[in-house]
1. Say each of His8 and Gln56 gets a label point 7 Å from the Cα, pointing the same way as Cα to Cβ; how far apart are those two points in nm?
2. Can you compute the FRET efficiency between Ile85 and Phe26 using 1/(1 + (r/R0)^6), with r the Cβ-Cβ distance and R0 = 41 Å? Round to the nearest 0.05.
3. Per-residue HN-Hα couplings for segment 119-126, Karplus 6.51 cos²θ - 1.76 cosθ + 1.60 at θ = phi - 60°, whole Hz, x for Gly and Pro?
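Read-outs throughout are calculated quantities, based only on the coordinates presented, and are distinct from any laboratory measurement. Keep in mind the model is a prediction, meaning the values are calculated, not measured. As a convention, Cβ positions derive from the backbone with ideal geometry for all residues, glycine included, and neighbour counts pool all protein chains shown.
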Amino acid sequence: MLIFFQKHAPTISILLLVALLVALLFYPDSSRGLSMGILVFGIGTAIIFTIQRNWQKHNPSTGTGQEHSENTLSEFLRNTALDLIGLALTMIAAIWLGRLAGGFAGMAVGSKAGQLWGMLAGILVGMGAGFIGAWSVGRVWGLVRG
């Protein structure tokens, strides 16, 4: 089941994002519930894949073929905790900056169209902050993990 999600998670995420943008344009009232579903799916899969990747490094008998890089349990827990903290920092930055940009865009335009532009700006800034945050946290955590 996990292999199915690894294979199809990017496609599912893109389809959910397209559904959110379509709902935002045609059914703005339903976009809040759909965005919560996207957040739960995205964060859940990121957590599961992070734990699974670190577990495969820890337990080479899972078929990865990396017997020479077996980690101890403390290394597994440390690497998993560092990866999850980095994920949390990235998500917090994306959510905070997206909400900030959405609020400014919504106030600048005003009315119902302002809400639409605010939501679109929030989504775009949140995605950009997520990409930049993931890249920078990945660089810093790569140095920390050694």
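1. With each label point 7 Å from Cα toward Cβ, the separation is 1.9 nm.
2. Details: r = 38 Å, r/R0 = 0.93.
Calculated value: 0.60.
3. Per-residue couplings from phi come out as 5, 4, 5, x, 5, 5, 5, x Hz.
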